[in-house]
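Q: Structure provided below as structure tokens; questions to follow.
The values are calculated or read from the model by the stated rules, or taken from the named source; none is laboratory data. A quick note: this is a predicted structure, and the numbers were derived from the prediction, not measured. Every residue, glycine among them, receives a Cβ derived from its backbone with ideal geometry; neighbour counts consider all protein chains shown. SASA here: full protein model, heavy atoms, side chains in, ligands and nucleic acids out. Shrake-Rupley method; radii C 1.70, N 1.55, O 1.52, S 1.80 Å.
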Amino acid sequence: MASSEITLEAVPSIGEVPAEDWDACANPDKACNGHGAGTSSALPGNSLALSKPAYNPFVSHAFLSAVEKSGSATIRTGWGPRHLVAKIDGRVAGVVPCYLKSHSQGEYVFDRGWADAYERAGGRYYPKLQVSVPFTPATGPRLLVRDGVDRERITEALASGLVALCGVSKASSVHVTFARETEWKLLAQHGFLQRTDQQFHWRNEGFATFDDFLATLNSRHRKSIKRERRDALAAGVSIHWLTGKDITEDAWDAFFDFYMETGSRKWGRPYLTREFFSLIGETMSRDVLLVMARRNGRWIAGAINFIGSDTLFGRNWGAVEHHPFLHFEVCYYQAIDFAIKHGLDNVEAGAQGEHKIARGYLPRTTHSAHFIADPGLRRAIDDYLKRERAYVAEAGRELAELGPFRKGIDEAP
């Protein structure tokens, strides 16, 4: 019996895909938020080893809808939704979060040099297609397929569909950023160039307490972290975890002030609107952890984290009072503490930051895939990426050797 035909279409809003259909593709085995180990096991007979991911809040309909409805990711801001939808017999079988972009902001995988070179040569780099979660440098699934269908067939159709959409949209390129490694390898078979970079992640080795983690560090780093944590709270600062119904609009108001203050200093125009935070508070507050610092009866600093089934994803931070080491306490140490207490395997603390190594966050490779339509530009970028991948691999090895962990069994904890 012949297989049913797969149809593909690009929709200009995530609202055109029912939430239950999108989430059936994005998180087919949603675990309870932050309270249980996620799984990532390949399906039987799956020759591509495409795995069903653990629960990832960023590819949920609620998160992507919030960035659109809030005006954060829209045509006006240069993020025109072009979500790719695969259907079999009229039923949604797979989706891809995709945007037609007129710039290269808010992506955290930098291609401005490619754009500049192409335009100097007389080409037109924008618009381009961006497969990603807007403003979110966190690894997660990008080719999303629901259970009960031929996962390999739908995934192949989505990958081919992105190349076709590039032509139909008259885009210069397609960029799939912060993809899982299995998707990265699959996309290479469809003509996508492979790029790597690195972030710094913390790994839970079965610790029961923060002190168990500290016991794995060498003496110098262990003492340094204890001092930093003590000094961060020395001015009468207290730390509070807010999640679910504990996150009030007053807390969002305070956090948004922190976000705007830091964002305005670092990159001039923060990407997320105030409405975005209210929307996620309404629709996915159990997926959110606000780590907030309080002094003299008012909130003074905070960091927003999102809770997956096996990972705590650290995102934005800000402060209106600045105290020594408070940033490290709120963003890194509290995240580790929360992950240990809730049995999470990993903490991803966002992009960049070699200073995280001294705090127990080690280099991890991130992956992106790039389809470049113009053959000349493609050849130049391909050559560049070969050299860049070698550099990233070597840098990762060197940075890992700088880790704070005890090197020998003879060093006392």
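Q: Using the heavy atoms of the protein chains and a 1.4 angstrom probe, tell me the accessible area per residue for the range 65-125 in square angstrom. Don't skip to the end; give the middle numbers.
A: Working: 2520 Å² over 61 residues.
Per-residue accessible area for the range 65-125 comes out at 41 Å².
Q: Also: Would you mind telling me the antiparallel percentage of the DSSP bridges in the chain, rounded to 5?
A: Working: 58 of 64 bridges.
Bridges in the chain are about 90 percent antiparallel.
Q: In addition: At what distance in nm do the modelled label points of ALA164 and LYS407 sit from each other, each positioned 7 Å from its Cα along Cα→Cβ?
A: Computed distance between label sites ALA164 and LYS407 equals 5.6 nm.
Q: I would also like to ask the following. Taking just the alpha-carbon atoms of the range 304-413, what radius of gyration and Dmax come out, in angstrom?
A: 18.3, 59
Q: In sequence order, what are the phi-derived ³J(HN,Hα) couplings for the range 105-117 according to the Karplus relation 6.51 cos²θ - 1.76 cosθ + 1.60 with θ = phi - 60°, rounded to whole Hz, with x for glycine and proline?
A: My calculation for the range 105-117 gives 9, x, 10, 6, 10, 8, 10, 4, x, 5, 4, 4, 5 Hz in order.
Q: Can you give me the % of accessible surface on the range 309-360 that is carbon or sulfur? Probe 1.4 Å, all protein chains present, nothing else counted.
A: Working: 780 of 1600 Å².
Solvent-exposed carbon and sulfur of the range 309-360 make up 49 percent of the total.
Q: Same structure, new question: Calculate, for ASP246 and GLU119, the FRET efficiency according to 1/(1 + (r/R0)^6) with r their C-beta to C-beta distance and R0 41 Å; round to the nearest 0.05.
A: Details: r = 49 Å, r/R0 = 1.19.
Computed FRET efficiency for ASP246 and GLU119: 0.25.
Q: Would you mind checking LYS101/LYS170; LYS101/LYS185; LYS185/LYS386 for any pair whose Cα atoms are more than 20 angstrom apart?
A: Working: LYS101/LYS170 12 Å; LYS101/LYS185 24 Å; LYS185/LYS386 15 Å.
The answer is LYS101/LYS185.
Q: To make sure I understand the rule: partners must be aspartates and glutamates, Cα under 15 Å from the Cα of LYS128, and not fewer than 8 residues away in the same chain. Which ones qualify?
A: Straight-distance partners of LYS128: GLU107, ASP111, ASP116, GLU119, ASP374.
Q: With a 1.4 Å probe and every protein chain left in place, work out the accessible area per residue of the range 252-401 in Å², rounded to a whole number. Don't jump to the answer; show the numbers that get you there.
A: On the way: 6110 Å² over 150 residues.
That works out to 41 Å² for each residue.
Q: Using the Kirkwood formula over every pair of different C-alpha atoms, what hydrodynamic radius in Å results for the range 241-378? Each step should come with its number before you reach the end.
A: Values: mean 1/r = 0.0612 Å⁻¹.
Over the range 241-378, the inverse of the mean reciprocal pair distance is 16.3 Å.
Q: Another question, if that's okay. So if R0 is 56 Å, what FRET efficiency would ALA19 and SER219 give, r being the distance between their Cβ atoms, rounded to the nearest 0.05? Walk me through the numbers before you get to the answer.
A: Values: r = 51 Å, r/R0 = 0.92.
FRET efficiency, ALA19 to SER219: 0.65.
Q: Quick one: which of LYS69/LYS245; LYS30/LYS87; LYS223/LYS245; LYS226/LYS341; LYS30/LYS245; LYS69/LYS356 span more than 30 angstrom between C-alpha atoms? Could the numbers behind the result be given before it?
A: Working: LYS69/LYS245 22 Å; LYS30/LYS87 22 Å; LYS223/LYS245 37 Å; LYS226/LYS341 19 Å; LYS30/LYS245 21 Å; LYS69/LYS356 34 Å.
Long pairs (Cα-Cα over 30 Å): LYS223/LYS245; LYS69/LYS356.
Q: Moving on to the next point. Using amide H atoms built 1.01 Å from N in the peptide plane, name the residues 5+ places from SER13, or on other chains, whose amide H lies under 5 Å from its own.
A: Excluding prolines and chain starts, which carry no amide H, the hits are HIS83.
Q: Which residue, TYR391, TYR271, TYR99, tops the fluctuation ranking in a GNM of the chain built on C-alpha contacts under 10 Å?
A: Maximum fluctuation in the GNM of the chain, among the listed residues, is at TYR391.
Q: Length gain on complete extension for the stretch ARG153 to ASP383, per 0.36 nm per residue less the alpha carbon to alpha carbon distance?
A: Working: separation 230, 0.36 × 230 = 82.80 nm, distance 3.09 nm.
Difference between extended and current length: 79.7 nm.
Q: Would you mind classifying the range 208-271 by shape? Square roots of the alpha carbon gyration tensor eigenvalues, ordered a ≥ b ≥ c; an a/c under 1.5 is rounded, otherwise it is prolate if a/b is larger than b/c and oblate if not.
A: Values: a/c = 2.45, a/b = 1.72, b/c = 1.43.
Prolate, since a/c reaches 1.5 and a/b exceeds b/c.
Q: Moving to a separate point now. Hey, any idea what % of the range 145-297's accessible area is carbon plus sulfur with a 1.4 Å probe? Mind dumping the intermediate values first?
A: Details: 3320 of 6800 Å².
Carbon and sulfur together cover 49 percent of it.
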